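Right, one structure below, let's go through it.
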Amino acid sequence: MTTHELKIKSEHFMDVIKGIKKAEIRYNDRNYQVGDILKLHEIDEHSNRTGNQCGVIVSHILDDTEYLRDGYVMLSIGVMSRFILNETANDEKTTKNN
């Protein structure tokens with residue numbers, strides 16, 4: 001089992017959190033395996049990390065050039081940790097409370 005740190009656009013991130021998006025298509029440059037964990041970092045429209053993240057586990061991998069471009073896989077995912085609040089927002093709350 002390997003943990004992969006990946007970026008994901010905000011609209012897709014929210015669908016993962018809501019349980020609507022259950023698959024991710026990625027270039028397989030990391031040799032993804034069933035049981036791997038994807039730590040998804042939300043990015044905004046400027047490709048900057050928002051600080052929001054969630055963890056998902058890979059439950060199935062489709063690697064078939066009939067349906068996907070060569071080198072790409074579809075990773076079926078299940079949410080492990082729903083939502084970790086923006087670290088900056090948490091730091092600000094901590095600062096304000098002290």
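In table form, for the structure just shown:
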quantity: In segment 1-35, the residues that are small (Gly, Ala, Ser) and in a strand (DSSP E or B); calculated: Ala23
quantity: Among residues of segment 36-51, those that are touching a helix residue (DSSP H, G or I) at 6+ places or on another chain (Cβ under 8 Å), surrounded by fewer than 16 Cβ atoms within 10 Å (Cβ to Cβ) and in a strand (DSSP E or B), counted; calculated: 2
quantity: Residue pairs meeting the criteria (Cβ under 9 Å; at least 6 apart or on separate chains; first at positive phi, in segment 8-21; second β-branched (Val, Ile, Thr)); calculated: Gly19/Val79
quantity: Scan of segment 37-70 for residues that are β-branched (Val, Ile, Thr) and under 18 Å from Lys21 (Cβ atoms), ordered by number; calculated: Ile37, Ile43, Thr50, Val56, Ile57, Val58, Ile61
quantity: Some residue of segment 8-30 being among the aromatic types (Phe, Trp, Tyr), under 13 Å from Asp63 (Cβ atoms) and either in contact with a strand residue (DSSP E or B) (Cβ under 9 Å, 6 or more places away or on another chain) or surrounded by 15 or more Cβ atoms within 10 Å (Cβ to Cβ) (or both); calculated: yes
quantity: Condition met for Gly35 (at pLDDT below 95 and small (Gly, Ala, Ser)); calculated: no
quantity: Residue that is nearest to Glu11 (Cα to Cα), among those in segment 52-75 that are outside any strand (DSSP E or B) and of a type outside the set (Lys, Arg); calculated: Leu68
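The values are calculated or read from the model by the stated rules, or taken from the named source; none is laboratory data. None of the values given here were measured: they were computed from a predicted structure. Backbone-built Cβ (ideal geometry, glycine too); neighbour counts: all protein chains shown.
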